[in-house]
1. Which of the residues spanning the stretch 87-99 are at pLDDT 95 or above and either surrounded by fewer than 14 Cβ atoms within 10 Å (Cβ to Cβ) or in a strand (DSSP E or B) (or both)?
2. Checking Gly308 against (1) farther than 22 Å from Ala139 by Cα; (2) outside the structural domain of Ile425 (by TED's automatic domain parsing); (3) crowded, with 22+ Cβ neighbours inside 10 Å, only one condition comes out false. Which one?
3. If you scan the stretch 186-224, which residues turn out to be in a loop (DSSP other than H, G, I, E, B) and without any contact (Cβ under 8 Å) to a residue 40 or more places away in the chain?
4. Can you tell me how many residues in the stretch 252-285 are surrounded by 12 or more Cβ atoms within 10 Å (Cβ to Cβ), of a type outside the set (Val, Ile, Thr) and either in a helix (DSSP H, G or I) or not assigned by TED's automatic domain parsing to the domain that holds Gln309 (or both)?
5. Taking the criterion of being free of Cβ contacts under 8 Å to residues at least 60 places away in the same chain, under 18 Å from Asp459 (Cα atoms) and under 14 Å from the mean Cα position of the chain (by Cα), would at least one residue in the stretch 148-155 satisfy it?
6. Please report, ordered by residue number, the helices (runs of 4 or more DSSP H) entirely within the stretch 391-470 with at least 3 residues that are over 19 Å from Asn153 (Cα atoms) and touching a residue at least 60 places away in the same chain (Cβ under 8 Å).
7. Would you pick out the residues in the stretch 105-147 that are in a helix (DSSP H, G or I) and either in contact (Cβ under 8 Å) with a residue 12 or more places away in the chain or among the hydroxyl-bearing types (Ser, Thr, Tyr) (or both)?
8. Please determine, by comparing only the residues of the stretch 375-390 that are touching a residue at least 40 places away in the same chain (Cβ under 8 Å), not charged (D, E, K, R) and not in a strand (DSSP E or B), which one is surrounded by the fewest Cβ atoms within 10 Å (Cβ to Cβ).
Amino acid sequence: MAAVPGTSFVERLAQVVGRANVLTAAADTAPFFTDWRRQFSAPGECVVRPADTSQVSEVVRLCAAEGVALVPQGGNTGLCGGSVPSGRQREIVLSLARMNRVRALDTLNDTITVDAGCVLAAIQGAALRAGRLIALSLAAEGSCQIGGNLSTNAGGVNVLRYGNAREQVLGIEVVLPDARVWNGLRALRKDNTGYDLKQLFLGAEGTLGIITAAVLKLYPRPSASVTTWIALERPAHAVELLAQLRGALGERISAFELVSRRCLEAVLEHDRAARDPLSAPHPWYVLAQFDDCGALQELRTALEAALGQAAERGLVADAAIAHSDTQAKALWRLRETLPEAQFRNVKHDVSVPVSQVPELIERAGAALAAAFPGAVLYAFGHLGDGNLHYNVGMPEAAANDALMARRDEVNEIVHRIVAALGGSISAEHGLGQLKRDVIRRYKDPLELELMRTLKRALDPAGRMNPGKVI
């Protein structure tokens, strides 16, 4: 329903989405104005919760007339401040949580069409009930929403086999900055009719338009899955092990996660119910998962043989293979608890070629130890795709606070080494507010110019998620 003119801005919004879905009280809006890590917080005029794409379009139209910017928000689980107001101008938060319908599920075409506000775990559940798999999987899947996942091109643990979020998408629906709706919900695997426009909006963090729906790929549900926790002496052994396991097991490797001993100890201290999977400590570990559509015993036998060969080569010091779904979930719980277990420190989400991960760990560790004596390094991440979460803290609270105050210096050390190794300072978390300015030092000037050209072409007034990305 179009808003009636002659009323206040908030009242006109309420006429579109209903008064109960325009939040203005401080107690109601506070969770929407502060990011998950509580590093970015700024007030907006209100929080608007549309129920469908037509309401999103009308809200965008009202904001354009009023000169108000929009901050699209999904589950607000991001780590770079991309889904909360910047405080630079008049802004509203556009929460897509009410847009949570599964529009269609086609098992013959292996696609599912969903609203942007669908929680990732709910989409996974819908696919599972249809005997299919949604490949995207990450620690926040119980609360993150697919619109946010696509807007940040989320990674997660299955990138090694299935690719990033953008590789799981066939089509999207977008509300443009001028309120027009682009219906690109095509369920085609081949469409060679010009520019692939959906790629402009995937990973753009809502700065070019608002993703309101998507067609996602479905995959066969594996009939066999084996999870293992592997101990190693050094990261270089993990890289060699990955190559050997790929040779032996091929594409059956779905996830290959690197975890340092210090990270595991942080989890064991944080979660008293957690248990060390092995009887003796080791400097490094790999959490790996293998999936197949064949027989479970065949997969397990192949994995055991491959690990045995790796042990003979000195790559594996010890290993524990889960023998039940409960055991597998316990191993994954160790990995998923890592962000909470070392919540307050200087965090990095970087990527380098897989072969360069050991050098990154060694060089950055030496440089940080020299610059910040006593610094504690928490290295973990998706070794299979070269994405490392390289976090830095101090053992004592006061020293850690002092280190956090010097975050820019810590970042510069790590980012400089990443760049020298041909890497990226943001592998899967995006830029948001956190890295909006620093990316200028590492991005090719021509790339930045092209990005600004796209921004001006689609959002000349700068109303889409201002203060983020560029």
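1. Listed by number, the residues that qualify are Glu91, Ile92, Val93, Leu94, Ser95.
2. Gly308 satisfies every listed condition except (3).
3. Arg186, Leu188, Arg189, Lys190, Asp191, Asn192, Thr193, Gly194, Tyr195, Asp196, Leu197
4. 9
5. Taking the stretch 148-155 and keeping what is free of Cβ contacts under 8 Å to residues at least 60 places away in the same chain, we get none.
No, there is no match, as no residue in the stretch 148-155 is free of Cβ contacts under 8 Å to residues at least 60 places away in the same chain, under 18 Å from Asp459 (Cα atoms) and under 14 Å from the mean Cα position of the chain (by Cα).
6. Those helices (runs of 4 or more DSSP H) span 407-420.
7. Residues satisfying the conditions are Leu120, Ala121, Ala122, Ile123, Gln124, Ala126, Ala127, Leu128, Ile146, Gly147.
8. Among them, the one singled out is Gly386.
The values are calculated or read from the model by the stated rules, or taken from the named source; none is laboratory data. Keep in mind that what you see is a predicted model, and the values were worked out from it rather than measured. With ideal geometry, Cβ positions are generated from the backbone for all residues, glycine too; neighbour counts draw on all protein chains shown.
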